[in-house]
């Protein structure tokens, strides 16, 4: 395998190679191994990796695509490598960020000091579609609103930045583990020699976290993973995690609330549930409190939760903290609650709710990424440089009609990593989503779901938009 | 165990057994196309459609056609029973539904079981009647049966013997018993139609149940239809006999802990015992085989309903809580 024709760009950080074409020190072993492999050998490895995903049915449903009910998530066999010191930096930064976000949630649904002190405007918080007034005054166990956080990080020549926080039902961790399982056995000698830190214990850490959040006095808590069902895009992950943490995989119809307690229907009768690890959005959780037409939720769940008889993880209402407008204030939250400077910075964000930033956005649409604050998964966004004038005109009208629904960010030169494309290494843009857990303390596995924009030149890494995955190797110190 | 999980595993067992049973029937039938007389081929199709209680796509099987029609009809009939998406009992649909139940219950079966089933599904998914008919369609049926046997073997060596296992086996056993009862009834009815067939094509039935050797040992090489039926219904040593399927259903049910209502579980247990006793103790003394087989089929359907009521769809007005 040759890197002679590999395209390097001074303006874009390459995860494996330096601008002079030499491998970065932590990637040298990988680079040398790849150089020794023939095209046929590396092709066989890729084929094995792809076949393994297909055989195991590791899928991601793409909505609106009838043919892709069980779309196999594409995976690239070349790992991305992070040295120990870079990971350490991320670990500290992510821990800090989640601590501030949990404090923020406890505050805005409580005394709302941060609003009173003028750090964040009241309308940004209370006008946010994810704000749940029903959660005001609710005391969550250990102040942990967000127990499972998936933070999207990107790297440019200026270093790592947080692209967004996913605090509701972040997905992707199963692909992280699946990628590892197949890539490490496909590159076994390299893996052994590289001294890579394991990620396979994620299920144990998640289980420990969930147990810490169970109502007090329950010695052997019963955990249920609540899924919207088999048609959900991340159903594979729900099934995978249920197995990993020894939980029952339940749908709303399997649960009921009686006397303020939550039960699931088992073959021997009703069994009390102590922790609901929900992968259902707030809106659908409880038709008595949120959307009354929801068939996915459990009537009375929020009542039982407020009584302290069941833990719901992540807590309802956490979406306020990963709203794309609120995101702009996270560095201020870190300073406000923790008295520290943010270790991981944000991407510069223009809030279209502010008149001058709206005008700036509209004047520079062709150079910006514009996102709807309430959307995720890469839906509803405009990537300026890749859009047509007609698309920009249409989008501009929408932004002008509801400015508060939009934010804009500069088009970031996301770092690239080599991917095997038609038998050759070609650079593709990547990000990474590490998963941070917090019950009574913070836990992280040293790894992440590394997402790849597989289309040449594309910056969109989302699985729902045709993105794929890569294994991320964090090296031992 | 979550009721819905138990239900999923139960149906997985049923659908895979259904797919296997139909594959075996079709394998023997398409083998017969090579060298058996036309009437025997007609008899075979009649028996299969009768057992499935389904009308052939063109409204009936014609008796007096020449060879070329028989082969053309067979292609249509095999297509209807193998890949037809609108036929809920086609091999493809049964296999796909078995696999879909497994997909939804992947956390309840072993990883090896899932991969085994998924690989088979990926193979079948690409095929249609045209592909398999070009060479030797019997190979397709044999391979599918082999896949399901492999799955059963992998399950036997890798699956935890909890309730999930018992529900899966229960579904498998009830399905097999129901199929056997329906097939024997269809055999009797078909033999009545084709009176000139020397043994009512019982040879095919013996092959279907892998029962040639057992028959030889017990009787002689001369095939007597009533002896064949008795053997397939009552021999407790024959792996797929009706008697053994019912024994197995009763044993699996007994291994499942009592449901939320003691009376509901007891009623299902009693019924399983009753139908077991019917074949073991009453069959030898009764002449009216058809009535008995109908009764067994009805009991199997009731047993299914009682199991669902006792463990899956029970009322939660006064539930025991643990």
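Quick notes
- For chain B, the spread of Cα positions along the three principal axes, ordered from largest to smallest, is 67, 50, 37 Å.
- Partner chain coverage, peptide B:1-9 - average Cβ within 10 angstrom: 5
- Proportion of all alpha-carbon pairs of segment A:334-402 beyond 13 Å (%): 69 percent
- Exposure proxy order (Cβ contacts within 10 Å, fewest to most) of A:407, B:148: B:148, A:407
- Quotient of Cα Rg and 2.2 N^0.38 Å for segment A:135-205, N being how many residues it contains: 1.53
- Separation of the residue B:143 and residue A:335 label points, Cα + 7 Å toward Cβ, nm: 6.7 nm
- The order of the peptides B:219-225, A:453-459, B:231-237 by mean Cβ neighbours within 10 Å, most packed first, is B:231-237, A:453-459, B:219-225.
- Take every DSSP beta bridge whose two residues both sit in the protein assembly as shown; close to 70 percent of them are antiparallel.
- Spatial offset of segment B:1-29 relative to segment A:168-183 amounts to 31 Å, using the alpha carbon center of each.
- Counting other Cβ atoms within 10 Å as a rough exposure proxy, the listed residues B:190, A:349 run A:349, B:190 from fewest neighbours to most.
- Shielding by partners for peptide A:53-60, expressed as the average number of C-beta atoms from other protein chains within 10 Å of each residue's C-beta, is 3.
- Across peptide A:259-267, the average count of Cβ atoms from other chains found within 10 Å of a residue's Cβ is 6.
- Distance between the C-alpha centres of segment B:253-322 and segment A:290-310: 37 Å, rounded to the whole angstrom.
- Based on Cα contacts under 8 Å between residues 6+ apart, chain A shows a relative contact order of 24 percent.
- Normalised by 2.2 N^0.38 Å, where N counts its residues, the alpha-carbon radius of gyration of segment B:1-144 equals 1.14.
- Per-residue Cβ neighbour counts within 10 Å put B:2, B:122 in the sequence B:122, B:2, beginning with the fewest.
- Pairwise centroid distance, computed over Cα atoms, of segment A:207-263 with segment A:71-145, Å: 22 Å
- Förster radius 41 Å - calculated FRET efficiency between residue B:221 and residue B:53, Cβ distance, rounded to 0.05: 0.80
- For chain B, averaging the sequence separation of C-alpha pairs within contact (under 8 Å, six or more residues apart) and dividing by the residue count gives a relative contact order of 23 percent.
- Cβ-derived FRET efficiency at R0 22 Å, residue A:29 paired with residue A:85, nearest 0.05: 0.80
- Solvent-free Debye scattering, log10 I(q)/I(0), computed from the Cα coordinates of the protein assembly as shown at q = 0.07, 0.09, 0.10 Å⁻¹: -0.64, -0.95, -1.08
- Computed E for residue B:266/residue B:295 - FRET, C-beta separation, R0 25 angstrom, nearest 0.05: 0.75
- Within a Gaussian network of chain B (alpha carbon springs, distance under 10 Å), most fluctuating of B:43, B:119, B:205: B:119
- For chain A, a Kirkwood hydrodynamic radius built from all Cα pairs, placed in the Stokes-Einstein relation at 25 °C and 0.890 mPa s, yields a translational diffusion coefficient of 105 µm²/s.
Readers should treat all values here as calculations from the given coordinates under stated rules, not as data from a laboratory. All values derive from a computational prediction rather than experimental measurement. Ideal geometry is used to build each Cβ from the backbone, glycine not excepted, and the neighbour counts take in all protein chains shown.
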